[in-house]
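The values are calculated or read from the model by the stated rules, or taken from the named source; none is laboratory data. Because the structure is predicted, anything quoted here is derived from the model rather than measured. No Cβ is skipped: glycine too gets one built from the backbone with ideal geometry, and neighbour counts run over all protein chains shown. Accessible surface is based on the protein model in full, side chains and every heavy atom, while ligands, DNA and RNA are left aside. Shrake-Rupley method; radii C 1.70, N 1.55, O 1.52, S 1.80 Å.
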Amino acid sequence: MWKNINGRLIQITDESRVKFRTNISKSLLNQLTDLANQHDTRVNYLLETGLEAVLNEGVITFTKENRPKDRVQYKTTYDKDLLEQVKAFAKDHDLFINDVIEYSAGYIDVNKAKGEGYKHRIE
């Protein structure tokens, strides 16, 4: 992100975002990548909308036996507060964070996702 300080643009790190590594279904990741490309956004921004919807609903219907077998490592950034809420939600429901992330893909709202250039915004 960029900050306008005394008429000069200075690039700074967005402190509200944190890096996070997890394992996620490769086929789901491919679908999300295609969706992100179609809507000029990024996969993590799409996932954030789904996670917010799941947290707002407060209920998750997940069967551990149906976990995907094609998981790959996925590294990205998430909103710090949202990720903390997801961690607590997963713990409360006796699930792994990646289970909640994969489940949230069914609740994505592309209209609420941040645009591709969000990380290059000027504040």
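Which value, in debye to the nearest 20, describes the size of the charge dipole of region 16-120 about its Cα centre when Lys and Arg Cβ atoms bear +1, Asp and Glu Cβ atoms bear -1, and nothing else is charged?
The dipole magnitude comes to about 500 debye.
Within region 1-104, which GluC sites (Glu not before Pro) sit in a loop by DSSP and count at most 16 neighbouring Cβ atoms inside 10 Å?
Counting only loop positions with at most 16 other Cβ atoms within 10 Å, the GluC sites (Glu not before Pro) in region 1-104 are 15.
Which net charge results when you count Lys and Arg as +1 and Asp and Glu as -1 among the other residues whose beta-carbon is under 14 Å from that of residue 85?
-4
At 1.4 Å probe size, with every protein chain present, just tell me what the per residue accessible area of region 16-120 comes to in Å².
Value for region 16-120: 59 Å² per residue.
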